[in-house]
1. Filtering the stretch 124-145 down to residues that are loosely packed, with under 14 Cβ neighbours inside 10 Å and farther than 26 Å from residue 73 by Cα, which residue is farthest from the chain's Cα centre (by Cα)?
2. Looking only at the stretch 20-38, which residues are more than 17 Å from residue 94 (Cβ to Cβ) and either in contact with a helix residue (DSSP H, G or I) (Cβ under 6 Å, 6 or more places away or on another chain) or modelled with pLDDT of 70 or more (or both)?
3. Check every one of the strands (runs of 3 or more DSSP E) wholly within the stretch 56-123 and list those with 2 or more residues that are in contact (Cβ under 8 Å) with a residue 24 or more places away in the chain and buried (at least 22 other Cβ atoms within 10 Å of the Cβ).
4. Select from the stretch 196-225 the residues that are surrounded by fewer than 20 Cβ atoms within 10 Å (Cβ to Cβ) and over 25 Å from residue 161 (Cβ atoms) and list them in ascending order.
5. Could you run through the stretch 234-291 and say how many residues are more than 27 Å from residue 175 (Cα to Cα), in contact (Cβ under 8 Å) with a residue 60 or more places away in the chain and buried (at least 19 other Cβ atoms within 10 Å of the Cβ)?
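The values are calculated or read from the model by the stated rules, or taken from the named source; none is laboratory data. What you see is a predicted model; the values in this text were computed from it and never measured. Glycine gets a Cβ as well: all are built from the backbone with ideal geometry, and neighbour counts include every protein chain shown.
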């Protein structure tokens, strides 16, 4: 599993105080991991943020609810005061010293993006390397794309043991591409017609997914098996199947679960584990959402 809970390697949300801190870190054999964190405080006057080590990286911060009561300093100088609406994004360049006095309550998503991750994304897209991200906290903007990505990631942050590698990989890749396109100052050509996977590539990707239904598989491994970049593979897979890889994976898990539900000898808890769900509760929620009835009811309707 490529997600991990706060405290086991993810440190960049530590500089902000908060009652709720949830984090996951993408993992890869070759690509630079990025950190995804939610930090929340329902109390006023949380105080000053802590200092952090300067590094060639960025912290993109998306507000999940309106936030406006703070004082902000950049390199020791106070920056203009602004209010953040829900869904507003700001980007902290971690080579500069940012410090804030957090006065009002807040709830935000933080995405730690090393420069090496931007370099890899640029290579994936076949474009000039992005040297800087531009959207500092005193110039934050509404960003519905990052907002929707953040909302989609909330269940994975709350229950990292249930988050699939393919899902988190896909969300992280979408975030990287979006940041490069809108804040990197490099044009990313629009692709109105997406290339489909070749028949052998589609067959290979599906075979790998089917062989790992009970475990986990990364976007990187699927892309490499098809001799494609992750970005190209993700677009081509969706063009070929009508859905992203993680969605196709979940549907196959449910189909395998149906096959096992036809066999009374298998208990629901066993089926959950054999089909790659974290536990019976996770299995029941996913099955019910996609099929419209619980696994137990589905089995009873078939006389088992």
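1. Of everything passing the filter in the stretch 124-145, 128 is farthest from the chain's Cα centre (by Cα).
2. Of everything in the stretch 20-38, those that are more than 17 Å from residue 94 (Cβ to Cβ) and either in contact with a helix residue (DSSP H, G or I) (Cβ under 6 Å, 6 or more places away or on another chain) or modelled with pLDDT of 70 or more (or both) turn out to be 20, 21, 22, 24, 26, 28, 31, 38.
3. Filter on the stretch 56-123 gives 57-63, 88-93, 106-114.
4. 196, 198, 199, 200, 202, 203, 204, 206, 207, 224, 225
5. Summing the residues that are more than 27 Å from residue 175 (Cα to Cα), in contact (Cβ under 8 Å) with a residue 60 or more places away in the chain and buried (at least 19 other Cβ atoms within 10 Å of the Cβ) in the stretch 234-291 gives 1.
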